[in-house]
1. Can you list the lysines whose alpha carbon sits under 24 Å from that of residue 105, skipping same-chain ones fewer than 8 residues off?
2. Would you please state which residues of the range 204-219 a label at residue 467 would reach in this model, taking the label point 7 Å out along Cα→Cβ and a backbone N cut-off of under 12 Å?
3. Could you work out the helix-only [θ] at 222 nm for the chain, with each DSSP H run of four or more residues adding -39,500 (n - 2.57) and the total divided by the number of residues, to the nearest 500 deg cm²/dmol?
4. Mind putting a number on the dipole of the range 334-492 about its Cα centre? Charges go on the C-beta only, +1 for Lys and Arg and -1 for Asp and Glu, and I need it in Debye to the nearest 20.
5. Sort 10-22, 296-308, 409-421, 267-279 by the packing proxy (mean of other Cβ within 10 Å over each peptide's residues), most packed first.
6. Relative to the Cα centre, what is the charge dipole magnitude of the chain, using +1 at the beta carbon of each Lys and Arg, -1 at the beta carbon of each Asp and Glu, and rounding to the nearest 20 debye?
7. Too long at a 27 Å Cα-Cα cut-off: which of 208/453; 21/53; 383/490; 21/366?
8. Within the range 211-237, which residues have the backbone N less than 19 Å from the label spot 7 Å out from residue 432 along Cα→beta-carbon, could you tell me?
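The values are calculated or read from the model by the stated rules, or taken from the named source; none is laboratory data. Owing to the predicted nature of the structure, the values given are computational and were not obtained by experimental measurement. Because the Cβ atoms are built from the backbone with ideal geometry, glycine has one as well, and the counts that use them run over all protein chains shown. For accessibility, only protein heavy atoms count, side chains too; no ligands or nucleic acids. Shrake-Rupley method; radii C 1.70, N 1.55, O 1.52, S 1.80 Å.
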Amino acid sequence: MAKLTTRAEDYSKWYNELVVKANLAENSGVRGCMVIKPYGYAIWEKLQAELDKRFKETGHQNAYFPLFVPKSLFEAEEKNAEGFAKECAVVTHYRLKNDPNNPGKLMVDPEAKLEEELIVRPTSEAIIWSTYKNWIQSYRDLPILINQWANVVRWEMRTRLFLRTAEFLWQEGHTAHATRIEAEEEAVKMQEVYRDVVENFMAIPVVKGYKTPSERFAGADETYTIEALMQDGKALQAGTSHFLGQNFAKAFDVKFTTNEGKQEYVWATSWGVSTRLMGALIMTHSDDLGLVLPPKLAPIQVAIVPIYKTAEQLEEIRSVVDKIQDGLKAKGISVKFDDDDKSKPGWKFAEYELKGVPVRMAIGPKDLEKGHVEVARRDTLEKQFIVLDEVVDKTEALLEDIQNNLYQKAFDYRTEHTTEVKTFEEFKEVLENKGGFISALWDGTEETEEAVKDATKATIRCIPQAFEIPTEGIDMFSGKPAKFRVLYAKAY
């Protein structure tokens, strides 16, 4: 099995090779689009199921809205239209015909031009709010708490599997409320749902904060974010939740009658996470041998490899493994007994290592004699022998330990790579040589934010909710009085 490029050699190349070799995804015949392969999709499905459960627990329902948005609807909320205009794929015709000059080939029928162009959704606020107009008349119709699982298209020229593709999968929540307070509470609540899933399920520590005005979602009054730090010192936006104010309600004239009989515009939120989270998962935990998956997300949590020479030995091993499998499955642990005779045990070990399977067991005739099984954990690569009577309980505890260890390791990395600076010289030095999150004071102006970005390519990832607004201090770049403490980083 060909070795991966190491992270130290070329992090970007390591990432691309790993996604393909671990059978997560591959580039497709459509430029900028990916094929998510069964193993990659199985991880996404586990993540999707966990998110879906949390959405339903917080009162949301799933629905589905059209892929196409008429251009006039898309234009209705100006900031949103302007923000996404350069990324839109547009449908202009509705028919092909045989090309008279090229037998056997097709051409766009010039007679079949659409009266109005259709935008392939880059996000669904426009189509959803034009629908909500028909659903909302009175305060009795509120709140509306809807989520949809869908694909969206944002035209990208420079793509990377999972991180940036022209088409990607995501969920988008769209809610409508009678009051500003209720909508703001919803936006913050969904940010917390994302934090909970990403930290406790994906084992990725995140910083909760809100975006600066220039980094906000187009059409939002406030964007709440969770920001993660990857092993190469770059940040990745792991999820966003937007308080949309009454911007979309005004654009689509969505009013409701209050219980006092007054007419008011509805308050809105939207929130989403996408298959980018797969990229975050890979880049937070994996190593030079391959994927490292947190047990809660691993499609196969335990792989058992028999080591044998004869069919009789395999049957003896199988009878012991059957009991182990039954015990693990009874605890809700997914297990694979790999008795495929086309590959040698050494190849299987390397394959499970590459695919990030959290726990691998090896069992042969000598292990049966001694009444134990060899157990290897993927995160630290440590091996131990566990007696057969204890293997089920100890594996359950081991999986929990791996989950916690992966989170702690990533948390420690982030702590080590969060640096407070006071001067712009110090900022540039840290950015160049250490990377990670850089904590600095900011004067709150877009001019300073842009100037730092132009000079260094670092952006303000968020204004962390945990940071108090400083009463004194100056901006490291402009020297003006500071308004906020922020986290800067280079980002994906």
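1. Partners found: 97, 113.
2. 208-212
3. -11000 deg cm²/dmol
4. Details: 24 positive and 33 negative charges, 69 e Å.
Charge dipole of the range 334-492: 340 debye, to the nearest 20.
5. 267-279, 296-308, 10-22, 409-421
6. It works out to roughly 860 debye.
7. Correct reply: 21/53; 383/490; 21/366.
8. Within reach of a label on residue 432, which here means backbone N under 19 Å from a point 7 Å along Cα→Cβ, the range 211-237 contributes 233-234.
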